[in-house]
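A short write-up of the structure that comes next.
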Amino acid sequence: MLLVLGSINADLLFRVKALPRPGETVLCPEYAFAPGGKGANQAAAAAKAGAEVRFVGNVGADAYGPVVRELLRDAGVEVSGLGTVDRPTAIAVIGVDERGENAIIVASGANLETRAAQVPDRMLGVGTTVLCQNEIRPEESFALLRRARARGARTILNLAPAGPVPEAVLEALDILVVNEIEAAAAAGHEAAEPETLARELHARFGLTCVVTLGPRGALTVGSEGTLRIPPLAVEPVDTTGAGDAFVGVLAAFLDRGTSLADSLHRATVAAGLACEQVGAQTAQPRDAEIEARLSDCPPPTLLRE
(Lines give C-alpha, C1' and ligand atoms only; values in the text may rest on other atoms or scores of the structure.)
Protein backbone atom coordinates (compact mmCIF):
# COMPACT_ATOMS: atom_id res chain seq x y z
CA MET A 1 0.00 0.00 0.00
CA LEU A 2 1.14 3.54 -0.78
CA LEU A 3 0.24 6.11 1.88
CA VAL A 4 0.51 9.79 0.94
CA LEU A 5 0.46 12.55 3.55
CA GLY A 6 0.30 15.91 1.84
CA SER A 7 -1.43 18.87 0.28
CA ILE A 8 -4.66 19.03 -1.68
CA ASN A 9 -5.70 22.15 -3.59
CA ALA A 10 -8.28 23.58 -5.93
CA ASP A 11 -6.28 24.79 -8.97
CA LEU A 12 -7.38 27.73 -11.11
CA LEU A 13 -5.59 27.56 -14.49
CA PHE A 14 -5.06 30.60 -16.72
CA ARG A 15 -3.69 30.19 -20.29
CA VAL A 16 -1.85 33.37 -21.32
CA LYS A 17 0.39 34.43 -24.20
CA ALA A 18 3.16 35.40 -21.77
CA LEU A 19 3.41 35.27 -17.99
CA PRO A 20 3.06 38.70 -16.34
CA ARG A 21 6.12 40.61 -15.23
CA PRO A 22 6.11 42.47 -11.88
CA GLY A 23 3.46 45.21 -12.04
CA GLU A 24 1.94 43.89 -15.28
CA THR A 25 -1.66 42.78 -15.80
CA VAL A 26 -2.27 40.07 -18.41
CA LEU A 27 -5.73 39.24 -19.76
CA CYS A 28 -6.98 35.88 -21.02
CA PRO A 29 -10.40 34.74 -22.27
CA GLU A 30 -11.22 32.24 -19.52
CA TYR A 31 -9.89 30.00 -16.78
CA ALA A 32 -10.26 26.32 -15.93
CA PHE A 33 -10.77 24.62 -12.57
CA ALA A 34 -8.81 21.46 -11.75
CA PRO A 35 -7.89 19.49 -8.62
CA GLY A 36 -4.29 19.92 -7.46
CA GLY A 37 -1.83 20.04 -4.58
CA LYS A 38 1.42 18.08 -4.71
CA GLY A 39 0.23 15.43 -2.29
CA ALA A 40 -3.09 14.85 -4.05
CA ASN A 41 -1.45 15.03 -7.48
CA GLN A 42 1.08 12.36 -6.57
CA ALA A 43 -1.57 10.17 -4.95
CA ALA A 44 -3.77 10.41 -8.05
CA ALA A 45 -0.87 9.66 -10.40
CA ALA A 46 0.06 6.60 -8.35
CA ALA A 47 -3.52 5.30 -8.30
CA LYS A 48 -3.87 5.73 -12.06
CA ALA A 49 -0.64 3.76 -12.44
CA GLY A 50 -2.22 0.84 -10.60
CA ALA A 51 -1.14 1.29 -6.98
CA GLU A 52 -3.34 0.91 -3.91
CA VAL A 53 -3.23 4.45 -2.50
CA ARG A 54 -4.47 6.09 0.70
CA PHE A 55 -4.37 9.87 1.03
CA VAL A 56 -4.22 11.77 4.32
CA GLY A 57 -4.72 15.55 4.44
CA ASN A 58 -7.35 18.27 4.98
CA VAL A 59 -9.81 20.40 3.05
CA GLY A 60 -12.06 23.23 4.21
CA ALA A 61 -15.79 23.34 4.91
CA ASP A 62 -16.35 25.31 1.71
CA ALA A 63 -17.56 24.69 -1.83
CA TYR A 64 -14.16 23.47 -3.06
CA GLY A 65 -13.62 20.80 -0.39
CA PRO A 66 -16.25 18.24 -1.49
CA VAL A 67 -15.30 18.73 -5.15
CA VAL A 68 -11.58 18.00 -4.78
CA ARG A 69 -12.37 15.12 -2.41
CA GLU A 70 -14.65 13.48 -4.96
CA LEU A 71 -12.24 14.01 -7.82
CA LEU A 72 -9.45 12.35 -5.84
CA ARG A 73 -11.76 9.43 -5.07
CA ASP A 74 -12.65 9.21 -8.77
CA ALA A 75 -8.92 8.84 -9.54
CA GLY A 76 -8.92 5.66 -7.43
CA VAL A 77 -7.54 7.04 -4.17
CA GLU A 78 -8.90 5.96 -0.76
CA VAL A 79 -9.82 9.26 0.98
CA SER A 80 -11.17 8.29 4.42
CA GLY A 81 -8.09 10.02 5.88
CA LEU A 82 -9.01 13.34 4.25
CA GLY A 83 -10.39 15.56 7.02
CA THR A 84 -12.40 18.79 7.04
CA VAL A 85 -11.15 21.79 9.05
CA ASP A 86 -12.08 25.44 9.66
CA ARG A 87 -9.47 26.91 7.31
CA PRO A 88 -10.49 27.23 3.63
CA THR A 89 -9.49 24.62 1.08
CA ALA A 90 -6.09 25.50 -0.40
CA ILE A 91 -6.17 27.38 -3.71
CA ALA A 92 -3.45 27.51 -6.38
CA VAL A 93 -3.51 30.16 -9.11
CA ILE A 94 -1.53 28.89 -12.11
CA GLY A 95 -0.52 30.86 -15.16
CA VAL A 96 0.64 28.86 -18.21
CA ASP A 97 2.25 30.58 -21.22
CA GLU A 98 2.43 29.56 -24.89
CA ARG A 99 5.65 27.59 -24.30
CA GLY A 100 4.04 25.52 -21.53
CA GLU A 101 6.01 27.25 -18.76
CA ASN A 102 4.12 28.14 -15.58
CA ALA A 103 4.05 30.50 -12.59
CA ILE A 104 2.13 29.46 -9.48
CA ILE A 105 0.83 31.13 -6.31
CA VAL A 106 -0.57 28.87 -3.56
CA ALA A 107 -2.72 29.87 -0.58
CA SER A 108 -2.11 26.93 1.78
CA GLY A 109 -5.32 27.16 3.83
CA ALA A 110 -6.43 23.77 5.19
CA ASN A 111 -3.10 22.19 4.26
CA LEU A 112 -1.58 24.01 7.25
CA GLU A 113 -3.76 21.90 9.56
CA THR A 114 -2.52 18.52 8.28
CA ARG A 115 -0.70 16.54 10.97
CA ALA A 116 1.37 13.37 11.09
CA ALA A 117 -0.89 12.24 13.95
CA GLN A 118 -3.70 11.75 11.41
CA VAL A 119 -1.85 8.58 10.33
CA PRO A 120 -2.28 5.76 12.87
CA ASP A 121 0.60 3.39 13.59
CA ARG A 122 -1.40 0.44 12.22
CA MET A 123 -1.02 1.89 8.71
CA LEU A 124 2.77 1.89 8.98
CA GLY A 125 5.09 -1.06 8.69
CA VAL A 126 6.60 -3.53 6.26
CA GLY A 127 4.55 -3.56 3.06
CA THR A 128 3.70 0.15 3.23
CA THR A 129 5.37 2.92 1.26
CA VAL A 130 5.05 6.40 2.77
CA LEU A 131 5.33 9.37 0.42
CA CYS A 132 5.58 12.99 1.57
CA GLN A 133 6.31 16.36 -0.02
CA ASN A 134 7.10 19.83 1.38
CA GLU A 135 3.76 21.61 0.79
CA ILE A 136 2.31 21.05 4.26
CA ARG A 137 4.13 22.00 7.48
CA PRO A 138 7.56 20.37 7.00
CA GLU A 139 7.80 19.21 10.59
CA GLU A 140 4.66 17.10 10.11
CA SER A 141 6.02 15.36 7.01
CA PHE A 142 9.34 14.82 8.75
CA ALA A 143 7.68 13.37 11.85
CA LEU A 144 5.71 10.84 9.79
CA LEU A 145 8.75 9.79 7.75
CA ARG A 146 10.81 9.11 10.89
CA ARG A 147 7.93 7.19 12.50
CA ALA A 148 7.35 5.19 9.32
CA ARG A 149 11.03 4.26 8.99
CA ALA A 150 11.11 3.12 12.62
CA ARG A 151 8.20 0.79 11.92
CA GLY A 152 9.76 -0.72 8.78
CA ALA A 153 7.94 1.14 6.00
CA ARG A 154 9.64 2.34 2.81
CA THR A 155 10.04 6.14 2.99
CA ILE A 156 10.07 8.61 0.09
CA LEU A 157 10.38 12.40 0.31
CA ASN A 158 9.88 14.74 -2.62
CA LEU A 159 11.47 17.95 -1.31
CA ALA A 160 9.19 20.26 -3.28
CA PRO A 161 9.15 23.15 -2.74
CA ALA A 162 12.80 23.37 -1.70
CA GLY A 163 13.74 23.71 1.94
CA PRO A 164 16.20 22.50 4.57
CA VAL A 165 15.88 18.95 5.91
CA PRO A 166 17.25 17.80 9.29
CA GLU A 167 19.95 15.15 9.02
CA ALA A 168 17.86 12.80 11.17
CA VAL A 169 15.13 12.93 8.52
CA LEU A 170 17.56 12.33 5.63
CA GLU A 171 18.87 9.32 7.54
CA ALA A 172 15.30 8.00 7.74
CA LEU A 173 14.75 8.12 3.97
CA ASP A 174 14.96 5.32 1.46
CA ILE A 175 14.47 7.65 -1.51
CA LEU A 176 14.83 11.42 -1.91
CA VAL A 177 13.40 12.97 -5.09
CA VAL A 178 14.57 16.50 -5.90
CA ASN A 179 15.22 18.87 -8.77
CA GLU A 180 18.53 20.72 -9.01
CA ILE A 181 17.46 23.55 -6.66
CA GLU A 182 15.95 21.12 -4.15
CA ALA A 183 19.10 18.96 -4.22
CA ALA A 184 21.17 21.95 -3.14
CA ALA A 185 18.69 22.68 -0.33
CA ALA A 186 18.90 19.08 0.92
CA ALA A 187 22.68 19.06 0.82
CA GLY A 188 22.90 22.47 2.46
CA HIS A 189 25.11 24.01 -0.25
CA GLU A 190 25.45 24.59 -3.98
CA ALA A 191 27.54 22.40 -6.29
CA ALA A 192 28.57 22.60 -9.93
CA GLU A 193 26.74 19.44 -10.99
CA PRO A 194 23.54 17.78 -9.72
CA GLU A 195 25.31 14.42 -9.86
CA THR A 196 27.84 15.72 -7.33
CA LEU A 197 25.03 16.64 -4.93
CA ALA A 198 23.30 13.30 -5.46
CA ARG A 199 26.53 11.41 -4.77
CA GLU A 200 27.11 13.39 -1.61
CA LEU A 201 23.59 12.81 -0.31
CA HIS A 202 23.84 9.09 -1.02
CA ALA A 203 27.26 8.82 0.65
CA ARG A 204 26.28 10.81 3.75
CA PHE A 205 22.85 9.35 4.41
CA GLY A 206 22.66 6.02 2.57
CA LEU A 207 19.55 7.07 0.65
CA THR A 208 18.85 6.78 -3.06
CA CYS A 209 18.83 10.28 -4.54
CA VAL A 210 16.77 10.90 -7.67
CA VAL A 211 17.39 14.25 -9.37
CA THR A 212 14.88 15.36 -11.99
CA LEU A 213 16.37 17.48 -14.78
CA GLY A 214 13.31 18.67 -16.70
CA PRO A 215 13.72 18.18 -20.46
CA ARG A 216 17.06 16.42 -19.81
CA GLY A 217 15.39 13.54 -17.97
CA ALA A 218 16.74 12.49 -14.57
CA LEU A 219 19.64 10.82 -12.80
CA THR A 220 19.82 8.58 -9.76
CA VAL A 221 22.62 7.76 -7.35
CA GLY A 222 22.12 4.85 -4.98
CA SER A 223 23.32 1.41 -3.98
CA GLU A 224 22.73 0.20 -7.57
CA GLY A 225 25.14 2.83 -8.93
CA THR A 226 24.52 5.94 -11.01
CA LEU A 227 21.67 5.75 -13.52
CA ARG A 228 20.91 8.26 -16.26
CA ILE A 229 17.25 8.37 -17.27
CA PRO A 230 16.58 9.88 -20.73
CA PRO A 231 13.36 11.87 -21.24
CA LEU A 232 10.37 10.97 -23.38
CA ALA A 233 10.36 13.27 -26.43
CA VAL A 234 7.17 15.36 -26.38
CA GLU A 235 5.87 18.76 -27.47
CA PRO A 236 4.90 20.28 -24.10
CA VAL A 237 1.54 21.98 -23.70
CA ASP A 238 1.68 22.47 -19.92
CA THR A 239 4.48 21.34 -17.57
CA THR A 240 2.46 22.02 -14.38
CA GLY A 241 2.00 18.44 -13.18
CA ALA A 242 4.98 16.70 -14.74
CA GLY A 243 7.06 16.49 -11.58
CA ASP A 244 4.16 15.15 -9.54
CA ALA A 245 3.37 12.55 -12.20
CA PHE A 246 7.00 11.43 -12.07
CA VAL A 247 7.05 11.09 -8.28
CA GLY A 248 3.64 9.44 -8.00
CA VAL A 249 4.34 6.86 -10.69
CA LEU A 250 7.82 6.15 -9.31
CA ALA A 251 6.34 5.50 -5.86
CA ALA A 252 3.51 3.42 -7.36
CA PHE A 253 5.77 1.00 -9.19
CA LEU A 254 8.25 0.71 -6.34
CA ASP A 255 5.32 -0.12 -4.05
CA ARG A 256 4.18 -2.75 -6.57
CA GLY A 257 7.60 -4.42 -6.37
CA THR A 258 9.04 -3.16 -9.65
CA SER A 259 12.83 -2.59 -9.81
CA LEU A 260 14.21 0.92 -9.38
CA ALA A 261 15.37 1.15 -13.01
CA ASP A 262 12.03 -0.01 -14.43
CA SER A 263 10.12 2.26 -12.02
CA LEU A 264 12.22 5.23 -13.13
CA HIS A 265 11.58 4.35 -16.78
CA ARG A 266 7.82 4.38 -16.26
CA ALA A 267 7.95 7.54 -14.14
CA THR A 268 9.84 9.36 -16.89
CA VAL A 269 7.29 8.31 -19.52
CA ALA A 270 4.44 9.43 -17.24
CA ALA A 271 6.07 12.84 -16.70
CA GLY A 272 6.43 13.32 -20.45
CA LEU A 273 2.83 12.32 -21.14
CA ALA A 274 1.62 14.73 -18.41
CA CYS A 275 3.18 17.61 -20.38
CA GLU A 276 0.99 16.90 -23.40
CA GLN A 277 -2.23 18.11 -21.72
CA VAL A 278 -3.30 21.03 -19.52
CA GLY A 279 -3.51 20.66 -15.76
CA ALA A 280 -2.02 18.42 -13.12
CA GLN A 281 -4.36 15.52 -12.24
CA THR A 282 -6.33 16.04 -15.45
CA ALA A 283 -3.18 15.38 -17.52
CA GLN A 284 -1.98 12.23 -15.73
CA PRO A 285 -1.72 9.03 -17.78
CA ARG A 286 -3.20 5.66 -16.87
CA ASP A 287 -1.07 2.54 -16.51
CA ALA A 288 -1.94 1.31 -20.02
CA GLU A 289 -0.94 4.65 -21.57
CA ILE A 290 2.43 4.51 -19.81
CA GLU A 291 3.08 0.95 -20.97
CA ALA A 292 2.12 1.86 -24.54
CA ARG A 293 4.81 4.57 -24.71
CA LEU A 294 7.68 2.74 -22.97
CA SER A 295 9.27 1.77 -26.27
CA ASP A 296 9.40 5.46 -27.28
CA CYS A 297 11.64 6.30 -24.32
CA PRO A 298 15.13 4.80 -23.88
CA PRO A 299 15.49 2.86 -20.60
CA PRO A 300 17.87 4.08 -17.86
CA THR A 301 21.56 3.47 -18.46
CA LEU A 302 24.11 2.59 -15.80
CA LEU A 303 26.87 5.21 -15.90
CA ARG A 304 29.02 3.68 -13.16
CA GLU A 305 28.76 1.20 -10.33
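The values are calculated or read from the model by the stated rules, or taken from the named source; none is laboratory data. Just so we're clear, the structure is a prediction, and the values are computed from it rather than from any experiment. Because the Cβ atoms are built from the backbone with ideal geometry, glycine has one as well, and the counts that use them run over all protein chains shown.
Within segment 248-258, not a single residue is part of a loop (DSSP other than H, G, I, E, B), in contact (Cβ under 8 Å) with a residue 24 or more places away in the chain and not charged (D, E, K, R).
Checking the structure you have, find out if any residue of segment 207-226 is farther than 18 Å from Ala267 by Cα, at pLDDT 95 or above and surrounded by 19 or more Cβ atoms within 10 Å (Cβ to Cβ). For segment 207-226, residues farther than 18 Å from Ala267 by Cα, at pLDDT 95 or above and surrounded by 19 or more Cβ atoms within 10 Å (Cβ to Cβ): present.
Residues in segment 213-234: is at least one in a strand (DSSP E or B), within 22 Å of Ile136 (Cβ to Cβ) and not acidic (Asp, Glu)? The answer is no; no qualifying residue exists. Answer yes if at least one residue in segment 191-199 is basic (Lys, Arg), out of contact with any Leu (no Cβ under 8 Å at 6 or more places or on another chain) and within 20 Å of Ser7 (Cα to Cα), and no otherwise. So far as segment 191-199 goes, no, none of its residues is basic (Lys, Arg), out of contact with any Leu (no Cβ under 8 Å at 6 or more places or on another chain) and within 20 Å of Ser7 (Cα to Cα).
Against the list (1) in contact (Cβ under 8 Å) with a residue 40 or more places away in the chain; (2) under 17 Å from Ala280 (Cα atoms); (3) part of a loop (DSSP other than H, G, I, E, B), the condition Gly76 fails is (1). Per the listing Pro166, Pro138, the residue uniquely surrounded by fewer than 23 Cβ atoms within 10 Å (Cβ to Cβ) and either among the charged types (D, E, K, R) or over 17 Å from Gly37 (Cβ atoms) (or both) is Pro166.
Results for (1) part of a helix (DSSP H, G or I); (2) of a type in the set (Val, Ile, Thr); (3) within 19 Å of Arg154 (Cβ to Cβ), shown as yes or no for each residue.
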residue	(1), (2), (3)
Pro20	no, no, no
Cys28	no, no, no
Ala34	no, no, no
Gln42	yes, no, yes
Ala45	yes, no, yes
Phe55	no, no, yes
Leu82	no, no, no
Ala110	yes, no, no
Arg122	yes, no, yes
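The residue that is surrounded by the most Cβ atoms within 10 Å (Cβ to Cβ), among those in segment 71-100 that are modelled with pLDDT of 95 or more and of a type in the set (Lys, Arg), is Arg87. Residue count for segment 81-113 satisfying the condition of being among the hydroxyl-bearing types (Ser, Thr, Tyr) and either touching a residue at least 60 places away in the same chain (Cβ under 8 Å) or within 30 Å of Val234 (Cα to Cα) (or both): 2.
Total residues in segment 31-70 satisfying the condition of being out of contact with any Ser or Thr (no Cβ under 7 Å at 6 or more places or on another chain), under 21 Å from Thr84 (Cβ atoms) and either of a type in the set (Asp, Glu) or at pLDDT below 95 (or both): the figure is 4.
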